[in-house]
Structure formats: C-alpha cells, structure tokens
Amino acid sequence: MNTKLAIVDDNTFLIKAIKDKLSFFDDISIKWFALDGAQALAKIEENHNLDIILMDIEMPVLNGIEATQIIKQKYPHVKIIMLTVFDNDENIFKAIQAGADGYLLKEVDPETLHKGILETLDGGAAMNPSIAMKTLKLLRNPTNEKYLEDKEEIKLSKREIDVLEQLSKGLSYTVIAKNLILSPSTVRKHIENIYKKLQVHSKIEAVQKAKRHNII
C-alpha cells in the first residue's frame, strides 16, 4: 500500500531533511508540502485524498496545533503526527487536545520515522520515549497541570459567542465580518475581548476553553 503523505513546516531546509529521510522507503509518496498552517488548510481543501500529515508546531500565520484542530474536525480520516523540536509539557498537552495522532521529535532517524508513520496508520500513536514519559506524567497527575480545566465562570456576550463559533470553523476575520455583517475591525475587537475574558492567547485556546465550558 502506498501511503500518501504531506509535510507542513516553515523551514524549507527541514522539509528537505524529512524528504531525504523518507526517500529510503518506496511505500511513502509525498503529495505536497506547506510552509504554515493556513497554507496547509488551503492545500488540503484542494485535495484531501491524503493518509497522514507530518506537522510542525511553531509556524507563522497559523501554528501547527491550530491547524491540527481544524484539519481533524474537517477531515478526521487524515492522521497527523506532530514533528517538532519542542517536547515541553504544554505543547504535548495542546497537541493531544487538538487531536494529534502522534508526536515525534525532528531528530528522529529514518527507520523510527517510517515505523511511526505505519504504526499511526494502523491505529497506534507514534511517540519518542521522552514524549511518551511526559504524556504518562500528564495523565497520572492531571490536577498538577496548569493547562487543565479551571472552574471559573466565564460570561461572553451573544455577539462574542457568535464570533467565537465562526472562529471555531477556521474562518478568517474577513469572512467572519461578512457572515455577521460586521466590520473586520469590530470582529478583531470582539476577539480581543474574548481572549481577555477567557484568559487565552490564541484561537485554538479560545475555542478549546469555550467548548470545555459549553459556551459553544
């Protein structure tokens, strides 16, 4: 079986390095690559006949965790392995929350990468040993993690909820403004207020927290 794969990374040198690692295996076919999450969304819209994505985390425009959440909502059949230099607890936790199917470090050798891809396609979860240990720690000690659910009451206006629901669909400020008959600057202001009220710093955090509190 030929595995259809895409690579999303803002570093073209690292994209080449990943391609070189995968060139040893004739059962992997690289369909496309993207330099940020937004570009990846555009490319997968054009062709979602894809098996798996290797996704970087830190990228401009739309980061890998935000892109992962949107892609998993729209195309749940596509597996996503986070391939990153970061193995801190916060990134691991957020990636898992976003729906990532695996988490490997970019220093991974070709054999381990290939094995991880096949395991993930077979329903497993590719993880470096250090990542697996951190994940177990997060699961064993959830009450100690500052990233977990807090219980404060959150009150958003009806218009802010409308904006947040549109945002959860991966729509741009311009499209949201058009859909809600608002100006883009008004949408931006609503989003700033949403961030403050939810005490978050990104779209994915806002959407996740709103869902956990049953706001959207």
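Counting only helices (runs of 4 or more DSSP H) that sit wholly inside region 161-216, those with at least 3 residues that are modelled with pLDDT of 90 or more and under 18 Å from Glu66 (Cβ atoms) are 173-180, 184-198.
Of Asp10, Asp56, Asp36, all but one fail to be crowded, with 18+ Cβ neighbours inside 10 Å, among the charged types (D, E, K, R) and either touching a strand residue (DSSP E or B) at 6+ places or on another chain (Cβ under 7 Å) or closer than 28 Å to Lys137 by Cβ (or both); the exception is Asp56.
Counting only helices (runs of 4 or more DSSP H) wholly contained in region 5-106, the ones carrying 1 or more residues that are of a type in the set (Val, Ile, Thr) and farther than 18 Å from Gln208 by Cα occupy 12-22, 37-46.
Given the criteria polar (S, T, N, Q) and within 25 Å of Lys115 (Cα to Cα), does Asn11 qualify? It is true that Asn11 is polar (S, T, N, Q) and within 25 Å of Lys115 (Cα to Cα). Any chance region 109-116 includes a residue that's more than 23 Å from Glu205 (Cα to Cα), out of contact with any Gly (no Cβ under 6 Å at 6 or more places or on another chain) and exposed (fewer than 14 other Cβ atoms within 10 Å of the Cβ)? Within region 109-116, one or more residues are more than 23 Å from Glu205 (Cα to Cα), out of contact with any Gly (no Cβ under 6 Å at 6 or more places or on another chain) and exposed (fewer than 14 other Cβ atoms within 10 Å of the Cβ).
Within region 71-84, the set of residues being open to solvent by 20 Å² or more (accessible area, probe 1.4 Å) and out of contact with any strand residue (DSSP E or B) (no Cβ under 6 Å at 6 or more places or on another chain) comprises Lys72, Gln73, Lys74, Tyr75, Pro76, His77.
The values are calculated or read from the model by the stated rules, or taken from the named source; none is laboratory data. Remember, predicted model here, so these are calculated numbers, not experimental data. No Cβ is skipped: glycine too gets one built from the backbone with ideal geometry, and neighbour counts run over all protein chains shown. Remember, those area values only see protein heavy atoms, side chains included, never the ligands or the DNA or RNA. Shrake-Rupley method; radii C 1.70, N 1.55, O 1.52, S 1.80 Å.
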